[in-house]
Amino acid sequence: MKRILILAAASATLAACSAQPETSTLAVVEATDALCRPTPNGRDVTGCYVTLTASQADRLVSVASPSAGTAEIHEMKTEGGIMQMTELPDGLALPAGEAVSLKPGGNHIMLMQVKTPLAAGDTVSMTLTFEKAAPLGVRAAVGQPGPHTPATETAITREPDKRDRTV
């Protein structure tokens, strides 16, 4: 009888250990059309643009780039007839299934303290960090924005399981 109880207890323990934890589906964010402007002569700042589409509601919370000392998420808005650019300290909301375009004259990524001048034809690596989705590596072409910027200039790499939110 004692052996039966020990076997039952061992079986229950093994069953508990082998049970699969419930997994929640993480948001997935796709990036297209990434582009950074060339740095103006004598300046160490530039704007970058990208279109983001999240599978679930999420938020872009930070951006980092080895090409710049600092990267921020900015918005452009007009108040009292004056256009102002300000950082979005809480990041940028990404509604589920909706393409959110960071573009000239609107929301964009600002690279500051750019380490070497960026010229047309270069590429800039950035890591986009989200509230829910895994960080996303993006390689942006350097060039002037225009109506025919091909999406093929964007390279995307996923970095699963890295949730480090430092910039």
Q | Within the range 98-145, strands (runs of 3 or more DSSP E) holding 1 or more residues that are over 20 Å from Val29 (Cα atoms) and not charged (D, E, K, R) | A | 108-114, 123-130, 136-142
Q. Residues of the range 122-153 being open to solvent by 70 Å² or more (accessible area, probe 1.4 Å) and either closer than 12 Å to Ala34 by Cα or modelled with pLDDT of 95 or more (or both), which ones?
A. Thr123, Glu131, Lys132, Arg139, Gln144, Thr152, Glu153
Q: Determine if the range 78-88 includes at least one residue that is surrounded by 14 or more Cβ atoms within 10 Å (Cβ to Cβ) and modelled with pLDDT of 95 or more.
A: yes
(Q) Filter the range 29-47 down to the residues that are under 19 Å from Gln144 (Cβ atoms) and surrounded by fewer than 22 Cβ atoms within 10 Å (Cβ to Cβ) and list them by number. (A) Thr32, Asp33, Arg37, Pro38, Thr39, Pro40, Asn41, Gly42, Arg43, Asp44, Val45, Gly47
Q. Conditions: (1) part of a strand (DSSP E or B); (2) open to solvent by 70 Å² or more (accessible area, probe 1.4 Å). His74 meets all but one. Number of the miss?
A. (2)
Q: Could you tell me whether Gly105 is modelled with pLDDT of 95 or more and touching a strand residue (DSSP E or B) at 6+ places or on another chain (Cβ under 7 Å)?
A: no
Q) Among the residues of the range 48-67, which ones are of a type in the set (Gly, Ala, Ser) and either open to solvent by 10 Å² or more (accessible area, probe 1.4 Å) or not in a strand (DSSP E or B) (or both)? A) Ser55, Ala57, Ser62, Ala64, Ser65, Ser67
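The values are calculated or read from the model by the stated rules, or taken from the named source; none is laboratory data. Everything numeric here is computed off the predicted structure, so don't read it as measured data. Counting neighbours? That spans all protein chains shown, and the Cβs are built from the backbone with ideal geometry, glycine included. Accessible surface areas use protein heavy atoms only, side chains included; no ligands, DNA or RNA. Shrake-Rupley method; radii C 1.70, N 1.55, O 1.52, S 1.80 Å.
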